[in-house]
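Written below as structure tokens is the structure these notes are about.
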Amino acid sequence: MGPTNDTGLLEPRRDRVDLILEILKIEANPVLLSLLAAGPLEDVISAGTIDRIEREACVNERFRDLLGGVWYYRAPDDVRTRLDALIGESRW
């Protein structure tokens with residue numbers, strides 16, 4: 001189960017991408033980022049969020065770097081292929 005909002009309902013995955021972007025604005029320590037954002041990012045990677053993730057990675061270098069620390073082996077093959085193209089050699 002994922003995070004819930006104030007109403008007790010599960011937050012949509014796209015909203016969790018916004019939360020991760022907010023964390024990137026205030027935290028610079030890569031170890032903390034891996035704990036605070038990379039783990040949750042693994043949970044939001046899906047066919048439904050990959051377009052948003054690609055857009056953010058193209059305009060936000062820190063977000064793209066964060067993707068390098070994400071384990072996305074559970075994602076569908078087409079999503080993994082797109083992430084591999086985004087991340088390239090920047091894996092942690």
Query raised in the report: For Leu19 and Val31 in the same chain, what is the full-extension length gain: residue separation times 0.36 nm, less their Cα-Cα distance, in nm?
Result: 2.6 nm
Query - Extension gain, Trp71 back to Asp43 (0.36 nm per residue minus Cα-Cα distance, nm) - result: 9.1 nm
Report task. Could you go through segment 66-73 in sequence order and give the Karplus-derived ³J(HN,Hα) for each residue, using 6.51 cos²θ - 1.76 cosθ + 1.60 with θ = phi - 60°, rounded to whole Hz, and x for Gly and Pro? Result -> 4, 4, x, x, 9, 9, 10, 5
Requested in this report: Using only protein heavy atoms and a 1.4 Å probe, report how much of Asp65 is accessible, in Å² to the nearest 10.
Outcome: 70 Å²
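The values are calculated or read from the model by the stated rules, or taken from the named source; none is laboratory data. This one's a predicted model, so the numbers in the text were calculated from it and none came from an experiment. The accessibility values were calculated without ligands, DNA or RNA, using every heavy atom of the protein model including side chains. Shrake-Rupley method; radii C 1.70, N 1.55, O 1.52, S 1.80 Å.
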